[in-house]
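See below for the structure under consideration.
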Amino acid sequence: MAAPTPPSAGPANPQGAPTQTTPPAGETLIAVRDVTLAFGEKVIQRNVSFDLKRGSIFAVMGGSGCGKSTLLKSMIGLLRPTTGQIMVEGEDYWAQDEQRRTELNHRFGVLFQSGALWSSMTVGENVALPLEMFTTEPPDVIRRLVELKLGFVGMEQAIDLYPSEISGGMRKRAGLARAIALDPDILFFDEPSAGLDPMSSARLDDLILTLRDGLGATIVIVSHELPSLFAIADDGIFLDAVTHTPIAHGAPRTLRETCAIPEVTAFMNRLSSIPSSGPAPGQTPGKTEG
Ligand SMILES: Nc1ncnc2c1ncn2[C@@H]1O[C@H](COP(=O)(O)OP(=O)(O)OP(=O)(O)O)[C@@H](O)[C@H]1O
């Protein structure tokens with residue numbers, strides 16, 4: 001687990017260097033380096049740098065509209081950063097040609113908020129789709145793999161049902177089965193718990209932990225679900241919508257307990273407004289400029 005923020009690393013500074021707790025030890029799988037994300041003239045985030053360590057569960061946090069999904073898109077090949085690099089095991093993702101990027105994409109599994117299943121296809125057909133598109137396995141092997149993936153998420157009984165015939169939580173789990181169809185080693189989750197009841201949400205947390213602990217996946221998760229983040233994430237970054245920069249870096253539970261930046265304190269403790277002063281437990285006061 002990450003160590004507490006040192007007292008000297010209080011507020012975000014004008015240069016945009018975030019408060020940083022010690023990240024988990026281990027090998028860097030993806031290095032995000034000084035990335036700026038913009039739509040035309042509109043800068044969403046700049047100076048985004050962090051290391052995604054192999055085997056970690058990394059949370060992308062921040063208020064609505066700060067750019068969490070945009071950052072995720074830049075990491076999965078859907079949005080080219082305006083500047084900066086996203087290095088996948090030392091390889092500059094966005095400097096590669098399309099063919100190489102497609103190869104790298106096969107290492108990524110993505111679960112979008114809704115599950116993003118094709119409504120005209122059964123659950124089984126949805127999970128089979130990436131296997132049919134990107135492997136040469138015969139139909140009987142694909143069927144077996146689909147059963148295995150659905151079994152992993154506890155959905156084997158829904159293989160012949162359509163998305164409209166299953167609940168939101170089941171659609172998420174089916175989406176997860178599809179995301180892991182090609183055995184990716186890096187999984188990206190965009191608001192996986194949104195709309196789920198607390199038990200379904202906890203069950204999804206367990207699945208995410210199993211993917212990490214049992215299958216060795218590395219996981220990036222965009223979420224507002226604080227109980228989930230405190231339970232499963234061991235590193236993360238907090239994006240600020242005002243300064244358009246990351247203002248804190250560390251495990252969500254560590255940031256909750258030790259971060260003195262008012263915006264982060266408010267978010268992590270579900271406060272209705274940003275505290276004007278006062279330190280977080282064990283910290284000197286910090287003030288975020290912006
Ligand atoms: N294609 C686009 N063109 C222009 N602006 C965009 C585009 N996509 C997103 N944005 C803007 O980028 C900003 C960040 O959006 P994003 O969806 O990444 O935020 P978020 O932190 O994921 O928000 P939320 O928590 O509400 O889902 C928003 O102001 C949004 O309007």
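Worth a mention:
- Sequence-ordered 3J(HN,Hα) estimates for the range 45-53 from the Karplus curve with 6.51, -1.76 and 1.60 and θ = phi - 60° stand at 8, 9, 6, 8, 9, 6, 10, 8, 7 Hz, glycine and proline given as x.
- Whole-Å semi-axes of the range 114-183's equivalent ellipsoid (Cα gyration tensor): 18, 11, 11
- Under 5 Å between amide hydrogens, built in the peptide plane, is the criterion, and for PHE188 it picks out GLY109, VAL110, LEU111, VAL220 among residues at least 5 positions away or on other chains.
- Using θ = phi - 60° in the Karplus curve 6.51 cos²θ - 1.76 cosθ + 1.60, the 3J(HN,Hα) couplings for the range 72-84 round to 4, 4, 5, 8, 10, x, 9, 8, 6, x, 5, 9, x Hz; x is entered for Gly and Pro.
- Distance between the range 50-85 and the range 120-197 - C-alpha centres, whole angstrom: 24 Å
- Mean Cβ count within 10 Å, highest first, over the residues of peptides 83-95, 182-194: 182-194, 83-95
- Calculated Rg and Dmax of the chain using C-alpha coordinates, Å: 19.5, 63
- Sorting ASP234, ASP140 by the number of Cβ atoms found within 10 Å of their own Cβ, with the fewest placed first, yields ASP140, ASP234.
- Geometric extent, Cα atoms of the range 154-209 - Rg, Dmax (angstrom): 11.3, 30
- In this structure the amide hydrogen of GLY236, modeled in the peptide plane, comes within under 5 Å of the amide hydrogens of ALA59, GLY250, ALA251, none closer than 5 places in sequence on its chain.
- Over the range 60-141, the pair-distance histogram of Cα-Cα distances with 10 Å bins from zero comes to 14, 37, 32, 15, 2 percent, rounded to whole numbers.
- Percentage of interatomic Cα-Cα distances in the range 39-82 larger than 13 Å: 61 percent
- Listed by chain and number, the lysines whose alpha-carbon sits under 23 Å from that of LYS42, ignoring those within fewer than 8 places in the same chain, are LYS68, LYS73.
- Hz values of 3J(HN,Hα) by residue in the range 217-233 - Karplus curve (6.51, -1.76, 1.60), Gly and Pro given as x: 6, 9, 10, 10, 10, 9, 7, 9, 6, 4, x, 4, 5, 5, 6, 10, 8
- Eligible aspartates and glutamates near LYS172 by straight Cα distance, threshold 18 Å, same-chain separation 8 or greater: GLU125, GLU147, GLU156, ASP160, ASP183, ASP190, GLU191, ASP197, ASP205, ASP206, GLU225
- Charged side chains reduced to their Cβ positions (Lys and Arg at +1, Asp and Glu at -1) give the range 114-183 a dipole of some 280 debye around its Cα centre.
Values in this text are rule-based calculations from the coordinates and carry no lab data. What you see is a predicted model; the values in this text were computed from it and never measured. Glycine also receives a Cβ, built like all others from the backbone with ideal geometry; neighbour counts cover every protein chain displayed.
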